[in-house]
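A short write-up of the structure that comes next.
The values are calculated or read from the model by the stated rules, or taken from the named source; none is laboratory data. Quick caveat, the model's predicted, so the values are computed rather than measured. Cβ sites come from the backbone with ideal geometry, for glycine too, and all protein chains shown count toward neighbours. To get the accessible areas, we keep the full protein, side chains included, count just its heavy atoms, and leave off ligands, DNA and RNA. Shrake-Rupley method; radii C 1.70, N 1.55, O 1.52, S 1.80 Å.
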Amino acid sequence: MNDADEPIRTNSDAKPGSYRAHLAAQAKADAEDTLNGRGPALLDWRARWAMLTARQQLRLKQAGVVSVVGLLGAGLYVASGDKAEKPAATPASKLEMGAGLRGDSLEVKLRGDLKKILDGQTLLGDRVTAIEEGKIVPGGAKADGTDLPPALPGSVPTFPDPPATGDAAAKVPEPPAIPSAPPAPPAPPVEKTVGAIGAATGATATGDKPGSTKKKNRTIYLPPGFMKARLLTGIDALASRDATSNPEPLIARVQAPALLPNDVKANLAGCFVIGNATGSLAKERVEVQLVSLSCVDFDERSVVDQPIKGFFVDVDGKKGLSGKVVTRAGAALARSFIAGTISGIAQTVETTTGEVSTSALGSVRTLDAGDAAKAGIAGGLSRSSEKLTDFYLDLARQAGPIVEVGAAKDVVVVIQEGVTLEIKPTAGVKF
């Protein structure tokens, strides 16, 4: 323990003449004074310090140390401060309004401007009156030869002298050279468009005899080409073996003129193309073969309806139309499997019912009444299950895989072989 934490000893514990004995005596005296109602003297710091406990004395010592350190720091800060004089602040400039911005002079100015405007109007009115009365000749002078007063009051300023021609020519820089234009690109090839179907000029006689009264039909030859079209109907094309013998019909509308060889276009926009579609499970596409081309020219009142040979191409550039393969035969095949299993079990029960005896004459099966009933039930179940299996297999074939293609699909119709289109007139038209 520190000396400050030790308890104060009495005179009996301390040695006589020591400092501790003195403090103890002083403490005892102070205690007696306190008991008598008297305290230590006001300036008796030692007595007051002795009255404090060890903890209070420690706190006072710490506070004294902190105060001394703070005073030293404050003194050093003040001593090291910048004693340079601060520059005097720039005096604020005094803003005074000019004479032309004050209210009194502004009113005077407005009045002067108004007076000038009125004087100019008066002078203009006098000149107009003089012109109407014939006092001014067209040359700009009065009838008596004197000059007119000026239109504006005051003397007219003189024009400045024109600059010297040589100096002006020397100061004007030469214009920059204009770069030569690049050569023009080659002109695109001219596309020729064949007229409407009713504008064909060729004609063939349909009668065999020269004196035949039958009308002559015009013809136009359509070479191989292709044209953009759009499906008007969707299709669910079968992909089974029976699909080739039972194709699905398909119709498309031509959206743009047909592109023919040598940048020539045939105006077949709006025509209908009919085709037969079959599904291909290996390609997962719908194969379409063209059947006929139908066109109507309302202005010329002519019709084209003739078989053509060709096929459809999808937007990916491959023959056929890409679609989604869908099969609905799963449930039918599962039922067929269950029926076949039942049929096999029933056949086994039927053949193992009864007692079989083997002799030189062969095998003989002996059935009693119970075995006969079991054999009959098993045989009937076996045969009915076979029929049910065949039925479900037939349903599975009918619900075979199909390839779905939706309507409004953009396709390309390719004309595989050239064909001579016969243009037929409608009712009431004479060629």
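Which one is surrounded by the most Cβ atoms within 10 Å (Cβ to Cβ), of the residues in the stretch 35-55 that are charged (D, E, K, R) and at pLDDT 75 or above?
Applying the first criterion (charged (D, E, K, R)) to the stretch 35-55 yields 38, 44, 46, 48, 55.
With the extra rule that they be at pLDDT 75 or above, the set shrinks to 46, 48, 55.
Values: Arg46: 11, Arg48: 14, Arg55: 10.
Among those that are charged (D, E, K, R) and at pLDDT 75 or above, it is Arg48.
Reported count of residues in the stretch 241-262, each being at negative phi, assigned to a loop (DSSP other than H, G, I, E, B) and open to solvent by 60 Å² or more (accessible area, probe 1.4 Å), is 5.
The residues on offer are Ala346, Ala399, and the sole one that is touching a Lys or Arg at 6+ places or on another chain (Cβ under 6 Å) and either under 30 Å from Gly279 (Cα atoms) or modelled with pLDDT of 85 or more (or both) is Ala399. When the stretch 263-286 is filtered for residues that are open to solvent by less than 30 Å² (accessible area, probe 1.4 Å), in a strand (DSSP E or B) and not aliphatic (A, V, I, L, M), the ones remaining, listed by number, are Gly275, Gly279, Ser280, Arg285.
Lys309: modelled with pLDDT of 90 or more, over 41 Å from the mean Cα position of the chain (by Cα), at negative phi and basic (Lys, Arg), yes or no? Spelling it out, Lys309 is indeed modelled with pLDDT of 90 or more, over 41 Å from the mean Cα position of the chain (by Cα), at negative phi and basic (Lys, Arg). Of the residues in the stretch 371-404, how many are outside any helix (DSSP H, G or I) and touching an Asp or Glu at 6+ places or on another chain (Cβ under 8 Å)? The total comes to 3. Quick check, is Ala408 among the small types (Gly, Ala, Ser), outside any strand (DSSP E or B) and touching a Lys or Arg at 6+ places or on another chain (Cβ under 7 Å)? Yes: the conditions hold for Ala408.
Taking the stretch 377-401 as the range and being touching a helix residue (DSSP H, G or I) at 6+ places or on another chain (Cβ under 9 Å) and open to solvent by less than 50 Å² (accessible area, probe 1.4 Å) as the test, the residues that pass are Ala378, Gly379, Gly380, Ser382, Ser385, Thr389, Tyr392, Ala396, Ala399, Gly400.
Those residues that are closer than 19 Å to Gly310 by Cα and acidic (Asp, Glu), I need them from the stretch 380-431; list them, please. Lay out the reasoning, then the answer.
Residues of the stretch 380-431 closer than 19 Å to Gly310 by Cα: 409-422.
Scanning the stretch 380-431 gives Asp410, Glu417, Glu422.
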